[in-house]
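One structure is given below, encoded as structure tokens.
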Amino acid sequence: MTIQTSRAVVISKPGGPEVLELRQQEVGEPGAGEVRVRHAVCGLNYIDVYQRTGLYPLEMPHALGMEASGTVEAIGDGVTHLAVGDRVAYAAMPPGAYCDVRVMPAAQVCPLPDALSFEEGAAIMLQGMTVEYLFHRTYPIAKGDKVLFHAAAGGVGLLACQWAKSEGIELIGTASTDEKCELARAHGAAHVINYRTENFVERVSEITNGKGVDVVMDGVGKDTFDASLDCLKPLGIMMSFGNASGPVPPVSLLTLAAKGSLKVARTTLFTYTADPERCQDMARHVLGKVVSGDIKVKIGQRFPLERVADAHRALEARETIGSTVLTL
């Protein structure tokens, strides 16, 4: 058995960015259904913060990171969709992507088209497949529908702006600065709202002539949830997929009834990607969108792996634009 070592970012307890520790760990051969991947680039996502802080509990100690791209070094028995030397990318459980090389389950590791760089692969998988399921697998959204998307200048948001435009969906994006609003508009948002200087409920009412939107997509959580319900038209749906400002407090079903028989979905990507065939189909859809030019990957920040704590601080302070990658 080949034993090699890899740098890996590990936490021993929940906490702030200071708990992130760069260690050396042993990496062996893949077993049945597994693959060993040598990473080129790692992705940074808000789920990493949730896991680091303990909002999404992990057994300790635990490596962090959910997304990366690289090259297949070895495959275990039963792996048929990949071969040694393949370029790949993934957003998958279990955490552990903040490293140079790892052994992991192969089912959610996806071929990366030659037309895309490793940076694009590491930046697009988790955020891109999130956008894919929001627009295609949670609720039927049709051409001409109106969607309110919070944090539209973030990594998921800029992809959502482009995705909506490519499919004729009218996206209203919110952001915290005029600069971020213009970035969202440049990426395809039909309307933008600076939520620090404007009341987004009032602006949505103006934009929709008092009718409201068909869908709200909200990865912010506590700070935006209640007001977002007031932006929905009767029978509309709230898709809550993140907690950047904190978890949403309990919601009364009677409130949903009173506001127009509203629907609420609390979704997570890994429920959708748990099925290997669906995961591969979602990845092909996302990567195909990039290859075709329908969406472009905006990488706003790059941090070396040893500065992962600084990357977490920037993400939590909402100082990032687009996607953030960790370079190796």
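Throughout, read-outs are computed from the coordinates displayed, never taken from laboratory work. If you're wondering where the values come from, they're calculated on a predicted model, not measured in any experiment. No Cβ is skipped: glycine too gets one built from the backbone with ideal geometry, and neighbour counts run over all protein chains shown.
Working note: 222 nm ellipticity from helices only, DSSP H runs with n ≥ 4, each -39,500 (n - 2.57), summed and divided by the residues of the chain, gives -8500 deg cm²/dmol to the nearest 500.
Which of the three applies to the range 1-139, rounded, prolate or oblate, going by the alpha-carbon gyration tensor with a ≥ b ≥ c and a/c under 1.5 meaning rounded? Don't jump to the answer; show the numbers that get you there.
Working: a/c = 1.74, a/b = 1.08, b/c = 1.60.
Here the range 1-139 falls in the oblate category.
DSSP loop GluC sites (Glu not before Pro) in the range 246-328 with at most 16 other Cβ atoms within 10 Å of their Cβ, which ones? In loop regions of the range 246-328 (DSSP not H, G, I, E or B), the sparsely surrounded GluC sites (Glu not before Pro) are Glu319. Put in line by how crowded their Cβ is, counting other Cβ atoms within 10 Å and starting with the fewest, Val109, Val84, Val286 read Val84, Val286, Val109. Comparing Ile207, Ile237, Gly144 along the charge dipole axis of the range 122-242, the residue lying farthest to the positive side is Gly144, per the Cβ-charge model.
A simple count of charges around Lys211, restricted to other residues whose Cβ falls under 10 Å of its Cβ and scoring Lys, Arg +1 and Asp, Glu -1, yields +1. Charge dipole of the chain (Cα centre as origin; +1 on each Lys and Arg Cβ, -1 on each Asp and Glu Cβ, all else neutral): 480 debye, rounded to the nearest 20.
For a quick check of your reading of the filter: which GluC sites (Glu not before Pro) in the range 1-67 sit in a DSSP loop and have no more than 14 other Cβ atoms within 10 Å? Write down the numbers at each step before the final one.
Working: sites: Glu18, Glu21, Glu26, Glu34, Glu59, Glu67; in loops: Glu59.
Those satisfying the criteria are Glu59.
Of Met125, Met66, the sequence from fewest to most neighbouring Cβ atoms within 10 angstrom is Met66, Met125.
Ordering Val19, Ala122, Gly322 by the projection of their Cα atoms onto the charge dipole of the chain, which places +1 on the Cβ of Lys and Arg and -1 on the Cβ of Asp and Glu, puts Gly322 at the extreme positive end. Relative to the dominant Cα principal axis of the chain, helix 118-136 is inclined by about 40°.
Sum up the charges of everything whose Cβ sits under 13 Å from the Cβ of Gly85, counting Lys and Arg as +1 and Asp and Glu as -1, but leave Gly85 out. Before the final figure, lay out the partial values.
Working: positive: Arg36, Arg38, Arg87; negative: Glu73, Asp86, Asp114.
In short, 0.
Rg(Cα) of the chain divided by 2.2 N^0.38 Å?
Working: Rg = 19.8 Å, N = 328, 2.2 N^0.38 = 19.9 Å.
Expressed relative to 2.2 N^0.38 Å, the Cα Rg reads 0.99.
Between Thr138 and Lys296, the C-beta separation translates, for a Förster distance of 22 Å, into a calculated FRET efficiency of about 0.40. Per the Debye formula on identical point scatterers at the alpha carbon atoms of the range 139-266, with no solvent, log10 I(q)/I(0) at q = 0.17, 0.19, 0.20, 0.23 Å⁻¹ is -0.80, -1.02, -1.14, -1.50. Cα centroid separation, the range 16-44 to the range 66-143: 14 Å. Ranked by how many other Cβ atoms sit within 10 Å of their own Cβ, fewest first, the residues His312, His62 fall in the order His62, His312.
Between beta-carbons, use under 15 Å as the cut-off and find the net charge around Leu116, counting Lys and Arg +1, Asp and Glu -1. Can you show the working numbers first?
Working: positive: Arg87, Arg284, Lys289, Lys296, Lys298; negative: Glu67, Asp86, Asp114, Glu119, Glu120, Asp294.
Spelling it out: positives minus negatives among the neighbours equals -1.
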